[in-house]
Amino acid sequence: MTPDDLLARVLYRDGLILILDKPAGVPVHAGPGGGLTMESLFEHLRFGLPKPPFLAHRLDRDTSGCLVLGRHAKALRKLGQLFSAGKVDKTYWAVVQGAPPADSGLIDQPLKKISSARGGWRIITAADGQRAETEYRVMGRADGWSWLELKPHTGRTHQIRVHCAAIGCPLLGDPQYGGPAGLPMHLHARAISLPLSANRPPIAMTAPVPEHMREKMTACGWGGE
């Protein structure tokens with residue numbers, strides 16, 4: 001990703017925030033493996049301000065779509081309050097293996113982080129975990145997979161991935177949680193709505209469906225919008 005690529009992915013900009021269309025496969029911040037990150041390019045998103053913007057939340061490396069940045073410390077505090085209070089409306093699209101047990105529902109299963117003997121970690125459902133809720137709706141079906149709309153009511157790590165696996169339909173491209181390998185992960189942060197001001201409508205943006213998800217979604221009835 002070049003600075004020009006990043007600038008082309010700005011979906012929204014005002015004096016407080018930026019909303020980007022994050023590509024799949026690029027981590028938002030540095031990890032133990034090093035390499036290119038979204039954060040390493042934020043210097044090119046100052047747009048006249050003295051400092052680059054800051055991440056207001058996180059998306060997994062292999063998740064695409066709406067990513068919100070605060071342009072300065074005051075904006076970041078406001079965004080932090082909205083996210084922590086659950087006032088940000090987030091909508092994800094996913095393609096999963098199989099299908100859920102019903103056309104719509106609420107997945108209410110606490111999540112817990114556990115360490116592995118090899119030094120890594122994963123998330124599991126556990127009665128003693130943190131509260132986690134995800135609302136889902138089946139948008140379309142094909143032979144062997146389904147297109148889902150998901151709205152997380154909480155913001156736990158890997159929440160959508162683990163919740164989908166827990167109801168028997170892991171994400172395509174997510175072998176960590178039981179999905180078929182050999183594909184990019186089919187999870188996209190489709191839309192976000194931020195009630196930044198009490199006197200104005202929420203800021204609402206959508207991110208275009210990434211190329212790697214279009215074939216499977218089209219088979220499920222997606223019309224290309």
Checklist entry - Based on what the data block shows, is Glu39 more than 28 Å from Ala165 (Cα to Cα) and exposed (fewer than 15 other Cβ atoms within 10 Å of the Cβ)? => result no
Checklist entry - Within the group Gly120, Gly173, Gly155, which residue is modelled with pLDDT of 95 or more and small (Gly, Ala, Ser)? => result Gly173
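Filter the stretch 114-141 for residues that are outside any strand (DSSP E or B), among the aliphatic types (A, V, I, L, M) and open to solvent by less than 80 Å² (accessible area, probe 1.4 Å); which is nearest to Gly221 (Cα to Cα)? Even if it seems obvious, please write down each step before you answer.
Just the residues of the stretch 114-141 that are outside any strand (DSSP E or B), to begin with: 116-120, 126-129, 131-132.
Filter once more, keeping what is among the aliphatic types (A, V, I, L, M): 117, 126-127, 132.
Next cut, open to solvent by less than 80 Å² (accessible area, probe 1.4 Å) only: 126, 132.
On the way: Ala126: 35, Ala132: 29 Å.
The residue in question is Ala132.
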Next on the checklist: His163 - would you say it is surrounded by 14 or more Cβ atoms within 10 Å (Cβ to Cβ) and more than 20 Å from the chain's Cα centre (by Cα)?
Outcome noted: no
Checklist entry - When you go through Ser64, Ser84, Ser104 one by one, which is the residue that is over 24 Å from Gly221 (Cβ atoms) and among the hydroxyl-bearing types (Ser, Thr, Tyr)? => result Ser84
Next on the checklist: Thr154 - would you say it is of a type in the set (Ser, Thr, Tyr), more than 27 Å from Leu16 (Cβ to Cβ) and in contact (Cβ under 8 Å) with a residue 12 or more places away in the chain?
Outcome noted: no
Item to check | Failed criterion for Gly173 (all others in (1) under 28 Å from Gly224 (Cα atoms); (2) open to solvent by 40 Å² or more (accessible area, probe 1.4 Å); (3) of a type outside the set (Asp, Glu); (4) out of contact with any Ser or Thr (no Cβ under 8 Å at 6 or more places or on another chain) hold) | outcome: (2)
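Does Glu215 qualify as being among the acidic types (Asp, Glu), at pLDDT below 95 and open to solvent by 30 Å² or more (accessible area, probe 1.4 Å)?
Working: among the acidic types (Asp, Glu): yes; at pLDDT below 95: no; open to solvent by 30 Å² or more (accessible area, probe 1.4 Å): yes.
Spelling it out, it is not the case that Glu215 is among the acidic types (Asp, Glu), at pLDDT below 95 and open to solvent by 30 Å² or more (accessible area, probe 1.4 Å).
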Item to check | All strands (runs of 3 or more DSSP E) inside the stretch 1-102 with 3 or more residues being of a type in the set (Val, Ile, Thr) | outcome: 89-97
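Given Val95, Val88, which one is under 25 Å from Pro184 (Cα atoms), among the β-branched types (Val, Ile, Thr) and touching a residue at least 40 places away in the same chain (Cβ under 8 Å)? It would help to see each step written out before you state the result.
Details: Val88 fails: under 25 Å from Pro184 (Cα atoms).
One residue alone meets the criteria, Val95.
The values are calculated or read from the model by the stated rules, or taken from the named source; none is laboratory data. Because the structure is predicted, anything quoted here is derived from the model rather than measured. Methodologically, a virtual Cβ is constructed for each residue, glycine included, from the backbone with ideal geometry; neighbour enumeration extends over all protein chains shown. Just the protein is used for accessible areas: all its heavy atoms, side chains included, with ligands, DNA and RNA removed. Shrake-Rupley method; radii C 1.70, N 1.55, O 1.52, S 1.80 Å.
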